[in-house]
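These notes concern the structure reproduced below.
Any read-out appearing in this document is the output of simple, stated calculations on the displayed coordinates, not a laboratory observation. These numbers come from a predicted model, not from an experiment. FYI the Cβ positions are ideal-geometry reconstructions off the backbone, even for glycines, and counts take in every protein chain you see.
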Number of protein chains: 4
Amino acid sequence: MISFENDYSRAAHPAVLDAIARINENLYPGYGMDPICERAKAKIREACALPEADIHFLVGGTQTNQVVIDAVTPPYAGVVAVESGHPNVHEAGAIEYSGHKVLTLPHHDGKMDAAELDEYCATFYADGNHDHMVFPGCVYVSMSTEYGTVYSKAELEAIADVAHRYDMPLFVDGARLGYGLTATGCDMTLPDLARIADVFYIGGTKVGAMFGEAVVFANRDARSAAPRHFLTEIKQHGALLAKGFLLGAQFDALFTDDLYFRIARNANVQADRIRAALRAKGYTLTFEAPTNQIFVTLDRPTIDRLERDVRLGFMEKADESHTVMRICTSWATTDEETDRLIALL
Amino acid sequence: MISFENDYSRAAHPAVLDAIARINENLYPGYGMDPICERAKAKIREACALPEADIHFLVGGTQTNQVVIDAVTPPYAGVVAVESGHPNVHEAGAIEYSGHKVLTLPHHDGKMDAAELDEYCATFYADGNHDHMVFPGCVYVSMSTEYGTVYSKAELEAIADVAHRYDMPLFVDGARLGYGLTATGCDMTLPDLARIADVFYIGGTKVGAMFGEAVVFANRDARSAAPRHFLTEIKQHGALLAKGFLLGAQFDALFTDDLYFRIARNANVQADRIRAALRAKGYTLTFEAPTNQIFVTLDRPTIDRLERDVRLGFMEKADESHTVMRICTSWATTDEETDRLIALL
Amino acid sequence: MISFENDYSRAAHPAVLDAIARINENLYPGYGMDPICERAKAKIREACALPEADIHFLVGGTQTNQVVIDAVTPPYAGVVAVESGHPNVHEAGAIEYSGHKVLTLPHHDGKMDAAELDEYCATFYADGNHDHMVFPGCVYVSMSTEYGTVYSKAELEAIADVAHRYDMPLFVDGARLGYGLTATGCDMTLPDLARIADVFYIGGTKVGAMFGEAVVFANRDARSAAPRHFLTEIKQHGALLAKGFLLGAQFDALFTDDLYFRIARNANVQADRIRAALRAKGYTLTFEAPTNQIFVTLDRPTIDRLERDVRLGFMEKADESHTVMRICTSWATTDEETDRLIALL
Amino acid sequence: MISFENDYSRAAHPAVLDAIARINENLYPGYGMDPICERAKAKIREACALPEADIHFLVGGTQTNQVVIDAVTPPYAGVVAVESGHPNVHEAGAIEYSGHKVLTLPHHDGKMDAAELDEYCATFYADGNHDHMVFPGCVYVSMSTEYGTVYSKAELEAIADVAHRYDMPLFVDGARLGYGLTATGCDMTLPDLARIADVFYIGGTKVGAMFGEAVVFANRDARSAAPRHFLTEIKQHGALLAKGFLLGAQFDALFTDDLYFRIARNANVQADRIRAALRAKGYTLTFEAPTNQIFVTLDRPTIDRLERDVRLGFMEKADESHTVMRICTSWATTDEETDRLIALL
């Protein structure tokens, strides 16, 4: 049995585990007030070309979305996301739990359209009743998206422009940032994204770490600065890890010798091979997406046949007889695993 | 200048003000623990044919939606409403503030469709990831709806059936219940509605009272019983009126000699006359609705002309050159006001 | 049977009811966007000598405490109050419901001590772990207090000084402001209080209105300005009254010809007479307080005897055989009622 | 420089790291739906002698307190804790953030007194205004406490009896459970505690794990059963770890061959040696406590001298010239470190 079920099913990249083993003789202060975190942050600042960035490490993606959105969205406002966005669908209401509505736009292969965002905001402010409604207070997008697609630099800049025109920060969920930025055809670098977004995170959980998300506040102006006493807000959400140095050690390893992006690229390489095979064999790709998530519309017999040998992810029913399934590679996927999958297709 | 802007622009029906003036010589205990509230509740129970009903008086509609939905929806769940539903659009995020997501279905002239509710729930529970999503935990509909339409008995029963099959209470927002139940063609009585819904409220603010909504828990089984310590939850939401006897006095007046429904009917009679005039003059009614809210699609010159003499409500832009406006009658609308409006059309 | 149970047991001062009856022929816009509210606000601004004040009308006291504290306290912070403070004891957790901790200081006959506030804050910021604790973010006091006592101008100024030194607004709950400011020996006027506090409210519910609290943001600097989109926050808390003009009309009446303070003074006059009688007859006053709430420690036989003819408020058990009871006068208490009570003592 | 600053400054026990390294070749399903979690849970159930226990793994202590308290406390209620309790002091308001008040009792060397709890509840329910107050809805204690003390079996049973009499679950925070149960003089075993508490957790973060707390619902009756859809509530709080198998692997290692208690005992052994040395040298122990946290009242010169060579924890100022400092041993403290510290005293 092989598994292409998701990208968080293996503990961690060996270099990450080694980094932790290596520090196990030492004692460190708690809550991220340690030199390893400082070193990791310095490397991330450099990788982002953001020397003033304010960086905080959190444990997981839903947690990060909840903490950051709650902290940067005004109390009278909600967060704008596409309907398929993770906080809108798959976070058990974590955003609403923190008091904010998720305001939704249609998605286009998982992506937000800047013009639609503009139209939404213009309509909102033109409505004479808007004081009785939820203000758009923050823009959330993810890179790569729920459907594996990526934003071009121009697309993200356009969204940021609209967000800023309506006085909103742009928050980029980078749970799969590594996969997004190393995708074939992606025209954005990490410094590009760091220049465009006000706050974003570099996902570790799905790209080589045991766990961990590095939240980066660009800190170039008031809008992109970390909220006052952000550490206290993290704690208040139950999200402050006691042994913060474990997060530092992991990101230190991932941002040494470009490990993060090197292993991210592997997932895309394997996915590209699988996509080519699917196309060659006449399968229907549900979305055109260049990253590690492949959505494919399958009929029941094909699913039954495949699932005898490979674990896939369920996405949603397409129609009575077809289902969208997800084939997900990761930093850890081997050539052999990909070969076996292709042979089974 | 006449006004058809909304149904809450006059202080109160004279009988309501008289009722308060009459009790002003007496002193009453606070927080609704007084004999006037008891008397009003008894009358409402009788009008509902619900001798066991548990009744609580609140001040306003958004407040009531927030308090009731929060109290009857499990913590891991959201409330299902149509997209146009008041809590989803015009309550400034009061539901999300209390921690619950509003799960939306399409609306059909403002109404929920039982089959779509069923499909939504079936899809939810069939999704292997549903533990990571927001459970549907309560069904919210309004009678009449945001667009002035009404549910038939069969429609509401079908929604209740689906709600109960998925272990949800059905909550009916009756901010305009008087207008809904007295509409031409409505086949439901108050006892019918009281038999179908698990909890609902009888709106006073828009039907003759200064303020006040009477929340009725049918209390026929566990699902329709008031939550434990509901009074404490009301207080916790800042929604407990110190002088509860003011609410009792108003509802006592409204439920004496059928005043509530008599004055509600007036709004529909006036609206029917306006609708007939609009049709006769070739106007485009945006919705077919039999209650006191008339939505009409107008061009700019017509709006400009009308607004010289009459205050209307803005609804939304229909297209570049047309706008949906609302003409709203109320319990207080006089024949003369209606005549003047018709003459202006 | 006479009642000295509380100060919110009569509907309203006749002038207030008249004011509402007088406007019942007219139609007004909703949500406080009407000329009556404007007129009432102008009168309040003048009475406060705060021409720039930003004023909002809410319905009740707990609601006002919840909305204002939530709006002016940073998300990582709590509100500092004395242990006996209303939000800490008698609001069913409304402050915590909105996400903020009530940080408590000891009370001195219901009052906060500026030096203890200073010590609390100094200790907090000196604690190396304070980022893991709840920041003091707002100071709450009431005037008069839960025990009927009043702050002197110097005392309140000292509290404001400390609050400002630690970057906190001072919020004064004035549910009984009329009784506080007209008490014998009180050296503060409304303009004094308006100059010292950053935000406060003028309680109507307990001083002549049917309901209503006028929240005054002094608006003299950033700290005392109303939060952005405060109306939306009010709505979000379910606290925006549809017929806001009812609030305007009541406060317009109360701030015409000094009615508010004239009727407030009556309560203190009656209470002073009762206090004199109690002292003359050898009763034990629990607190030395000059306002309309008299706390007296009684033994069981006395309570039983009194309660045959007069309704009193229960406060708390003092010891095995004694109980603290409250005798509460109001704007509506008559000389005859006071005479009858004194005769019974 | 040696450190006795806290018990979470080393990454993890080698056996824990080995366990993770060993599973790194395999792929596992996410969110704790894996066989390693199942195995760990089976071992914990056996160690607790609770074959029906419902076990959930969370990441950290504040998070666990927030999630569990929010899930088991009714919406109209708060959690009762001693004033020095962690959720009341050092969780940045995480409990209030989730909407619940922390109701406090005095502490006795960090412990709750059952009689005082009883008195608190009796007084609450005897108060005629208790519907306007926060109901006591859950009892929180920790074992060991903030001051390193432990409950005897009789003390904990007495607290459970009172809690149950007032319809509250007893929740035991076991962040330092290992240190509490292996302390000299502790008369409770894990099965004892599991029989008395309704829900508790076994702290991993401070006892050998990298992170992780095992929440155990005793599941012997309705009161001790896990709330419905508890996994969804965990997710909603942002507390569901994607790679749940990491938690399973750590607890599997800790509950193999009694590792958890064996290493916990080491901390107490080292602490006992330090305590003996302190007493021998005439130091003032602030509390009599038998676990890994030693509180000692020191003057400034002594602190300055010690801090040249050893990192201690700051607790609080005792008076002008003295400070309470914490000496904290852990599962990892070596004989050599203890020797060095003793030599420095």
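Descriptive notes on the structure:
- Listed peptides D:86-97, C:253-264 appear in the order D:86-97, C:253-264 once ranked by packing, highest mean of other Cβ atoms within 10 Å at the front.
- Overall form of region B:66-157 per C-alpha gyration tensor (a/c, 1.5; a/b vs b/c): oblate
- Spin-label model, D:Thr284 to A:Thr284: label points 7 Å out along the Cα-to-beta-carbon direction sit 8.1 nm apart.
- Placing +1 on the Cβ of every Lys and Arg and -1 on the Cβ of every Asp and Glu, with no other charges, gives region C:14-254 a dipole of roughly 820 debye about its Cα centre.
- With the simple spin-label model, which puts each label point 7 Å out from Cα in the Cβ direction, the A:Ala42 to B:Ala154 separation comes to 7.6 nm.
- Highest-first packing order for the peptide set D:134-140, D:328-334 is D:134-140, D:328-334, based on the mean count of other beta carbon atoms within 10 Å.
- The distance between label points at B:Asp161 and A:Asp258 comes to 6.4 nm (points 7 Å beyond Cα on the Cα→Cβ vector).
- Inter-chain shielding of D:118-127 (mean C-beta neighbours from other protein chains, 10 Å cut-off): 1
- Sites listed here are GluC sites (Glu not before Pro) in region D:251-345 whose DSSP assignment is loop and whose Cβ has at most 16 other Cβ atoms within 10 Å: D:Glu288, D:Glu307, D:Glu320.
- Note on region D:14-254: antiparallel DSSP beta bridges, both residues inside, total approximately 45 percent of the bridges counted.
- Summing Lys and Arg as +1 and Asp and Glu as -1 over all other residues whose Cβ lies under 12 Å from the Cβ of C:Ala197 gives a net charge of 0.
- Counting DSSP beta bridges with both ends in the protein assembly as shown, the antiparallel % (nearest 5): 60
- Whole-percent pair-distance distribution, where bins are 5 Å wide, for the alpha carbons of region B:264-345: 3, 16, 28, 29, 17, 6, 2, 0
- Size of the protein assembly as shown as Cα extents on the principal axes (Å, biggest first): 85, 83, 54
- Gyration tensor verdict on region B:189-272 (Cα atoms; rounded if a/c is under 1.5, prolate if a/b is larger than b/c, oblate otherwise): oblate
- Given +1 at the Cβ of Lys and Arg, -1 at the Cβ of Asp and Glu and no other charges, the dipole of region A:83-192 around its Cα centre is 280 debye to the nearest 20.
- Environment charge at A:Ser330 (Cβ cut-off 9 Å; Lys +1, Arg +1, Asp -1, Glu -1): +1
- For region D:11-105, with +1 on Lys and Arg beta carbons and -1 on Asp and Glu, the positive-most of D:Ala12, D:Pro75, D:Gly99 along the dipole: D:Ala12
- Neighbourhood charge, 14 Å Cβ-Cβ cut-off, centred on C:Gly282 and excluding it, Lys, Arg +1 and Asp, Glu -1: +2
- Residue mean of other protein chain beta carbons inside 10 Å, A:7-18: 5
- Helical runs assigned H by DSSP (4 residues or longer) give chain B a calculated mean residue ellipticity at 222 nm of -11500 deg cm²/dmol, each run adding -39500 (n - 2.57) before division by the residue total.
- Cβ nearest the rotation axis (D onto A), residue from chain D and distance to the nearest whole Å: D:Val59, 3
- Here D:Glu52 yields copy-to-copy label distances, from shortest upward, of 2.9, 6.1, 6.7 nm, the label point defined as 7 Å from Cα along Cα to C-beta.
- Mean silhouette area of region D:69-223, derived from the convex hull of its C-alpha atoms and averaged over all directions, reads 8.9 nm².
- Compactness of region C:142-285, taken as the C-alpha radius of gyration over 2.2 N^0.38 Å, stands at 1.17.
- Label-point spacing for D:Ser321 across the identical copies (point 7 Å from Cα in the Cβ direction), in nm and ascending order: 4.9, 9.2, 9.3.
- Among the listed pairs D:Lys43/D:Lys243; C:Lys41/C:Lys101; A:Lys111/A:Lys206; B:Lys41/B:Lys243, those beyond 23 Å (Cα-Cα): C:Lys41/C:Lys101
- Percentage relative contact order, region A:14-254, counting C-alpha pairs under 8 Å, at least six apart: 31
- Remark: mean inter-chain Cβ contacts per residue of C:76-82 equal 3, using a 10 Å Cβ-Cβ cutoff to other protein chain atoms.
- Normalised by 2.2 N^0.38 Å, where N counts its residues, the alpha-carbon radius of gyration of chain B equals 1.00.
- Applying both filters, DSSP loop and at most 11 other Cβ atoms within 10 Å, to the trypsin sites (Lys or Arg not before Pro) of region A:267-334 gives A:Lys281, A:Arg308.
- The value for region C:1-82 of Rg(Cα) / (2.2 N^0.38 Å) is 1.46.
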